[in-house]
1. Which members of the stretch 97-146 meet the condition of being within 10 Å of the ligand (Cβ to nearest atom), open to solvent by 20 Å² or more (accessible area, probe 1.4 Å) and within 29 Å of the chain's Cα centre (by Cα)?
2. On the given criteria, is Pro43 in a helix (DSSP H, G or I) and near the ligand (Cβ under 10 Å from one of its atoms)?
3. Tally the residues that are in contact (Cβ under 8 Å) with a residue 24 or more places away in the chain and surrounded by fewer than 23 Cβ atoms within 10 Å (Cβ to Cβ), restricting the search to the stretch 302-319.
4. Go through the stretch 444-456 and give me each residue that's outside any loop (DSSP other than H, G, I, E, B) and surrounded by fewer than 21 Cβ atoms within 10 Å (Cβ to Cβ).
5. Could you check the stretch 9-28 and list, in sequence order, the residues that are within 10 Å of Pro43 (Cβ to Cβ), out of contact with any Pro (no Cβ under 8 Å at 6 or more places or on another chain) and more than 6 Å from the ligand (Cβ to nearest atom)?
6. Any idea which of (1) open to solvent by less than 60 Å² (accessible area, probe 1.4 Å); (2) free of Cβ contacts under 8 Å to residues at least 60 places away in the same chain; (3) among the hydrophobic types (A, V, I, L, M, F, W, C) is the one Leu392 doesn't satisfy?
7. Name the single residue that is farthest from the chain's Cα centre (by Cα) among those in the stretch 330-347 being within 12 Å of the ligand (Cβ to nearest atom) and open to solvent by less than 30 Å² (accessible area, probe 1.4 Å).
Amino acid sequence: MSDKSNNSTQLVIIGGGPGGYAAAFLAADLGLEVTLIDPEDNPGGVCLYRGCIPSKALLHVAKLLGEAGEAANWGIKYSDPEIDIDRLRSWKEGVVKRLTSGLGQLIKQRKIRYIQGRAVFQNNKKLDVTDIEGDKSQLSFEYAVIATGSRPATVPGLIIDSERIWNSTAALDIRKVPGSLLIIGGGYIGLEMGTVYAALGSQVSVVEMMPGLLPGADRDLVNILHKKLGKKYAGIMLNTKVVSMKETRQGIKVQFEGADAGQKEITFENILVSVGRKPNSSDLGLENTRIIITEQGFIEVDEQRRTAEPSIFAIGDVAGEPMLAHKASHEGRVAVEVIAGQKAAFEPRAIPAVVFTDPEIAWCGLTETEAKKQNRPVEVTRFPWAASGRALTMDRPDGLTKLLIDPETERVLGMGVTGAGAGELIAEGVLAVEMAALATDVKLTIHPHPTLSETVMESAEIFFGQATDIYRPKKK
Ligand SMILES: Cc1cc2nc3c(=O)[nH]c(=O)nc-3n(C[C@H](O)[C@H](O)[C@H](O)COP(=O)(O)OP(=O)(O)OC[C@H]3O[C@@H](n4cnc5c(N)ncnc54)[C@H](O)[C@@H]3O)c2cc1C
């Protein structure tokens, strides 16, 4: 609720996503007087309203549908599922509502002033605030944290004005299950949404300009997913571009150009454009400050997340890659600690990335691709899940756990996993990298049996040529 009576604040946070609300909560816990500004009625940002949370709720349903389909292999036959799309949508919305209203409660408990509206910088000490009713006011501040996040990128000159063309927000709205869906962009958001719609019954195709899906992730991790998606999707076109789109009565006629284009012109009922995200750094009045914006539109910050204006900080998607919720929250906490006078810096050794497809892919720390680029010697130990008892009990041998180990010091530098639940397993790798664990530490840590976490321990055992469940003698 807006409180217009007070026109100054010690700390203002602009944007109530996982960066902004984490920052606001810690600041209040540290005794600062805090104002949080966001257009929604409760905090949550992209992550809770139209990102991480709704997508994971739908992916949970996709997983269930997938497992029900596989169950015939185990002697259990379900009849074909009946999908009530309205019920599915309202369940997903219920999850979002529960979480965001919970954050609203936490705002009140912490006595944070919440203004539902938008803010623009008048100068380096004052904001123009327009609340949800359109009322304008000014707010001066001692410190500000910009946490305005990002929005879906588009392809200029290609996108036409049609309700059949979706971005991630429209796809998450889940109004219908199209007969055919083309996903433009083989990044994690497109592939996650493709997993949802394919499970619900759409014929999903993906087109990606680059030679592989999920550019940036190690190929051995991606290959397992690619193989599985090859069976679930109607088509995966790599090294291929969409060159034009035209609306017809049947759908959107798409023209392709490139190596895997095959049929050059195909009509799809719907299109999901998922070609990345752009930081929300324009329309903020930053030109009225000394804040510097990079060519990609990110706000330039130092290791304390301070901008070129000493009293203004920036965190989360608007402050640079990787655009991930957990990175935003950690940056928010660092910025607030600095503002509270503590010695803090944002210098993680490992920020985990998770792709919640089926199978999932997760990695952290050094990747093999980066090691090659840096010409850095690493030993990579790979444990295939076909040798994991737990993976076989789940009928999920389609997995791989790998560690990147410094051959001289034995330090764990990175971890990668593909497989069911990879997103949960990666936290062990993050801890190992952050704690500068040695391969011996991971090897000697007793992991519970039978679990997928044993694949991490066995990957460390491979480094010594001593894995229990697979024969990999140490290279001489
Ligand atoms: C479909 C999808 C799935 C995703 N899945 C994951 C995932 O599984 N894991 C993960 O880590 N990340 C995921 N992400 C990315 C994640 O959502 C973002 O990295 C995260 O939300 C960034 O947090 P943030 O605090 O920087 O900003 P945001 O969450 O973008 O929040 C910014 C807020 O600021 C508000 N705002 C903007 N301008 C102003 C202004 N002038 N005044 C006031 N308020 C303003 C916005 O309205 C918004 O509410 C996903 C994203 C999408 C789109």
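The values are calculated or read from the model by the stated rules, or taken from the named source; none is laboratory data. Because the structure is a prediction, the values reported are computed rather than measured. Please note: Cβ atoms are built from the backbone with ideal geometry, for glycine as well, and neighbour counts cover all protein chains shown. Surface accessibility is based on the protein's heavy atoms, side chains included, excluding ligands, DNA and RNA. Shrake-Rupley method; radii C 1.70, N 1.55, O 1.52, S 1.80 Å.
1. The answer is Gln116, Arg118, Val120.
2. It is false that Pro43 is in a helix (DSSP H, G or I) and near the ligand (Cβ under 10 Å from one of its atoms).
3. Selection size over the stretch 302-319: 5.
4. Taking the stretch 444-456 as the starting set, the residues that turn out to be outside any loop (DSSP other than H, G, I, E, B) are 444, 454-456.
The one that is outside any loop (DSSP other than H, G, I, E, B) and surrounded by fewer than 21 Cβ atoms within 10 Å (Cβ to Cβ): Leu444.
5. Hits for the stretch 9-28 are Ile13, Ala22, Phe25.
6. (1)
7. That would be Ala335.
Yes/no matrix, rows are residues, columns are (1) within 30 Å of Gly201 (Cβ to Cβ); (2) of a type in the set (Asp, Glu):
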position	(1), (2)
Ile83	yes, no
Ser90	yes, no
Glu93	yes, yes
Gly104	no, no
Asp128	no, yes
